[in-house]
Each structure stands twice: as C-alpha cells, then as structure tokens.
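Comments concern the structure below.
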Amino acid sequence: MTTTTRPSRVVSVPLDSLWERFSTVAPLVLIGTLEADGSPDVAPKHLAMPLSWRTLFGFVCSPDHATYRNAVATETFTVGFPSPELVLASSLAAGPRDTDGDKPTLEMLSLSPAHVVDGVLVGGCAVSLECRLERVIDDLDENSLLVGRVVAAHASERALLDTAPAATPRPDGGPLLVYVHPGRVASVHDTKPFPYHRGFHR
Ligand SMILES: Cc1cc2nc3c(=O)[nH]c(=O)nc-3n(C[C@H](O)[C@H](O)[C@H](O)COP(=O)(O)O)c2cc1C
C-alpha cells in the first residue's frame, strides 16, 4: 500500500521557541539520586541517552535542580526507564517541594536501594541502570550534561531482548513509553524490523 502526503509549504521556525514548535520523540527516564541527608530524590528527564556504544549514559540537567547537586556530590545516579503504567507517577516526580524541602509526590513511587552504587531504584521500570558519574559538561546554555558509566543494569525478563541474530524474530520488549516533546506521551506497542541493507554493519 502506498500513502501520499499532502505537500506542505516550508516555513521558518522562530528560534526562541525552537523545540516547542514541532514534535520530537525522546525517552522518558527517571533519574534517581541521594540527597545530602541520604534521602532519595527522583526526577523525570527526557534529554537523556546512551553516549557511546559501550556503557556511557548521559542526561541534560539544570544545575539548579537537586538532581544535579546530588549527582555531583555523590558521583552516582541511577536511570529508570518507566513502563507506560508509570507515566503519572513519573510526572509527579517533578512535583513541588514542601516547606521542609521534601517532594511528597515521590510517595507514588516504590523505591528500593541500588545494588552496586549508593543510590535508589524505582520499582516498575522496565530497565534500571546504576551509574558512576564520570564527567560534567557545564554551560550548555543554561544546562549541563552529566555523563555516567553504567556499572550495573537490571531489566524485567519481558523487556530483555534476545541476542540471537537479527533475522530471528524477537519479542520487542512490551509497550515502550515515549515522551513526545512538547508535553505528550505515547505507548509504543507495535514495532517492526528496521530495513537495513543486506550486509549492513555499524
Ligand atoms: C516530562 C518531563 C521531562 C523533563 N525533562 C527534563 C530534562 O531533560 N532535563 C531537566 O533538567 N529537567 C527536566 N524536567 C524537569 C525536572 O524533572 C523537574 O524540574 C524536577 O522537579 C527537578 O527535580 P529535582 O530538583 O529534584 O532534580 C522534565 C520534567 C518533565 C515533567
């Protein structure tokens, strides 16, 4: 079946609201850190991705956020990839703090200690990573990039892909939560194989 797309005039996008004027897809991750008193903090981030083909992972963070301060102070952070059922709790992890500086909305999340680093894991995430902070790149406009080395990873069996050759049909890991900036989410249920050319290798 062929689909036709109506031609659309190309227009300039105002740069002062660049990322708000068209949709882009991103993951939604929950970054877990420990506050100075040892209590857990969790915050959602969408500017987050692997930074190498091995075990570097980075996320963009405001240096004004507790997440930044905590990760820099403890040199660790965790990353959770929430399943679609956790979308509301993930949003509430960006909830306001009370007068004591606590974030009561974190009670929506089921938290447990990380296994390898001093940190916190979020229950219900399809995949969780434990990271040691390796590098901080400040002054990216008003943001910073925190780069960590993954030192442990955990996944629900359903999310784990099999490592057989690509030709073998594999499960696609259950529904994936996708953040569609600005301000939308999607559950991805049906994926299909990428149309690599024959003999492709990276
Ligand atoms: C869907 C969503 C995506 C977000 N993405 C980011 C991001 O990529 N980087 C960032 O610094 N803040 C991001 N935020 C904002 C922080 O999560 C929010 O400011 C949070 O309250 C910070 O908490 P903290 O002070 O405990 O670190 C996002 C918030 C939401 C709801």
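Once the Cα-Cα distance is subtracted from the 0.36 nm per residue extended length, the Ser17 to Leu140 segment shows a gain of 42.6 nm.
The equivalent ellipsoid of region 20-173 has semi-axes of 25, 18, 17 Å, largest first, where each one is the square root of 5 times an eigenvalue of the Cα gyration tensor. Our estimate of slack between Ser39 and His181, defined as 0.36 nm per intervening residue step minus the Cα-Cα distance, is 48.1 nm. In a simple Cβ point-charge model (Lys, Arg +1; Asp, Glu -1; nothing else charged), region 83-143 has a dipole of about 260 debye relative to its Cα centre. For a modelled paramagnetic label at Arg158, 7 Å from Cα along Cα-to-Cβ, the residues of region 11-33 in reach, with backbone nitrogen under 19 Å, are 28-30. Take each peptide in 123-132, 12-21, 109-118, 32-41, count the other Cβ atoms within 10 Å of every residue, and average; sorted highest first, the result is 123-132, 32-41, 109-118, 12-21. The peptide list 78-88, 153-163, 187-197, 49-59, put in order of mean Cβ contacts within 10 Å with the highest first, becomes 78-88, 49-59, 153-163, 187-197. Assuming charge only on the beta carbon of Lys and Arg (+1) and of Asp and Glu (-1), the dipole of region 18-85 about its Cα centre is about 320 debye to the nearest 20. Normalised by the number of residues in the chain, the average gap of Cα pairs under 8 Å and 6 or more apart makes the relative contact order 22 percent.
Given their separation in residues at 0.36 nm each and the Cα-Cα distance between them, Val87 and Val188 gain 35.0 nm when the chain is fully extended. Taking the Cα centre of the chain as reference, the dipole from Cβ charges on Lys and Arg (+1) and Asp and Glu (-1) amounts to some 1260 debye.
Laboratory data are not the source of any read-out in this text; all were calculated from the coordinates shown. Here the structure is a predicted model, which means the values were calculated and not measured. When we count neighbours, we look across all protein chains shown, and the Cβ atoms used for this are built from the backbone with ideal geometry, even at glycine.
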